[in-house]
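Beneath this line is the structure, given in structure tokens, with notes to follow.
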């Protein structure tokens, strides 16, 4: 059995983009750990920073518990994630804490600056996680660099509105109800996403994207991923092998 870490910027990002895949992996007996670099404390017009952070991290923990996953927050400031020494050490400590062999993180190109910063930080944290002399916190260095994967960007597009094409996708029809329940645990975001993003129902928006992603693979509901294979990161298809029959490859 494998250990998989899903790590993104804010509570609800992971549920939007890869919770169906995580639910499949958890169902098959793999260990899932979930982390966010921030508590998403800017994501409210009704509660202050401290209250919003408490609410949102509690929602993230409840969502993770639906698949038996443990959740941890890195505590970096919402809308204040940058490629700094402190942030890289925070991300590296989370990777080490997870003990993951496979890490799934944010797309390098996305609409939100925190998403893009987290993608860079986690990429570099995977490299640093196995360096013994790179000191972070109590977690021990990993034995090797974990396999690294990127989720789709929100809506599948970069900041220029161009499509970001996944390498492969995962058929999540069997676990979509769990994915929906996990995103539904983030009740505080109903009003915020309607106000800030103009999206009246974020559960329905997530379903529309899951169907749009699946369409390119001849499926009903899917989540897309890309593998980072640059030297010295592992190139073997570790996540693809775990997915098994739910793996979707683009037609040539």
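A few comments on the model shown:
- For the chain, share of DSSP beta bridges that run antiparallel, in % to the nearest 5: 40 percent
- Computed over the chain: relative contact order in percent, which uses C-alpha pairs under 8 Å that are six or more apart: 22 percent
- Where the alpha-carbon atoms of the chain are placed on the principal axes, they occupy 49, 48, 37 Å, in descending order.
- By other beta-carbon atoms within 10 Å, ranking 129, 44 with the fewest at the front produces 44, 129.
- Rel. contact order, % - alpha carbon contacts under 8 angstrom, at least six apart, region 46-114: 28 percent
- Considering only 199, 145, 154, the Gaussian network model of the chain with Cα springs below 10 Å gives its largest mean-square fluctuation to 199.
- Prolate/oblate/rounded call for region 43-101, Cα gyration tensor, a/c under 1.5 rounded: oblate
Values quoted throughout were computed directly from the atomic coordinates according to the rules given, and no laboratory measurement underlies them. Keep in mind that this is a model prediction, so the values were computed, not measured. Methodologically, a virtual Cβ is constructed for each residue, glycine included, from the backbone with ideal geometry; neighbour enumeration extends over all protein chains shown.
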